[in-house]
Amino acid sequence: MKRLMCLLVFGLLAISNISAQTISKAYFSSDSGIMIPLDKPIAEKYEIDISSYNWSEDNAKDSAKYFDDQSDLISIEVDFANSKFILILDLTAEESKNWDMKKWNDHLRSIL
């Protein structure tokens, strides 16, 4: 019984830790390129707030698809209900596995 309680407690702690994790933020720069912040460690996923664009769901999906189609190293998911794009970087690809934040930002700017 004691072992079962320990497992339950550890399971709940793991779940609460996972739900407490936040996704890093990225943004559209003034030239509409996607930028990731240089002052944080590189992450696989970034949220981009799209609420100020007042896009329809179809416009959001089309915009995400455009960026997604420009590079095999990124993918973008649309979370329209929360007015966000989720940018996913392929950190394991041979081409990008040693990139730093500046190199990723250069790549993201180049896909416009």
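The values are calculated or read from the model by the stated rules, or taken from the named source; none is laboratory data. Predicted model, so just to flag it, every value in this text is computed and none were measured. Note that we place each Cβ from the backbone using ideal geometry, even for glycine, and neighbour counts take in every protein chain shown.
Points worth noting:
- Any chance Ser71 is farther than 18 Å from Ala81 by Cα, at pLDDT 90 or above, over 13 Å from the mean Cα position of the chain (by Cα) and among the polar types (S, T, N, Q): yes
- Figure legend. Inter-residue proximity from region 63-74: first residues closer than 12 Å to Leu108 by Cα, second residues of a type in the set (Gly, Ala, Ser) and surrounded by 19 or more Cβ atoms within 10 Å (Cβ to Cβ), beta-carbon distance below 7 Å, spacing 6+ or different chains. No pairs are indicated.
- Every pair of residues 6+ apart whose Cβ atoms lie under 7 Å, when the first sits in region 38-52 and is in contact (Cβ under 8 Å) with a residue 40 or more places away in the chain and more than 15 Å from Val78 (Cα to Cα) while the second is of a type outside the set (A, V, I, L, M) and surrounded by fewer than 12 Cβ atoms within 10 Å (Cβ to Cβ): Leu38/Lys102
- Within region 84-106, being part of a loop (DSSP other than H, G, I, E, B) and surrounded by fewer than 17 Cβ atoms within 10 Å (Cβ to Cβ) holds for Asp90, Leu91, Thr92, Ala93, Glu94, Glu95, Lys97, Asn98, Asp100.
- Residues in region 32-73 that are loosely packed, with under 14 Cβ neighbours inside 10 Å and among the basic types (Lys, Arg): Lys40, Lys45, Lys65.
- Test: residue in region 12-27 that is at pLDDT 85 or above, over 12 Å from the mean Cα position of the chain (by Cα) and surrounded by 14 or more Cβ atoms within 10 Å (Cβ to Cβ): no
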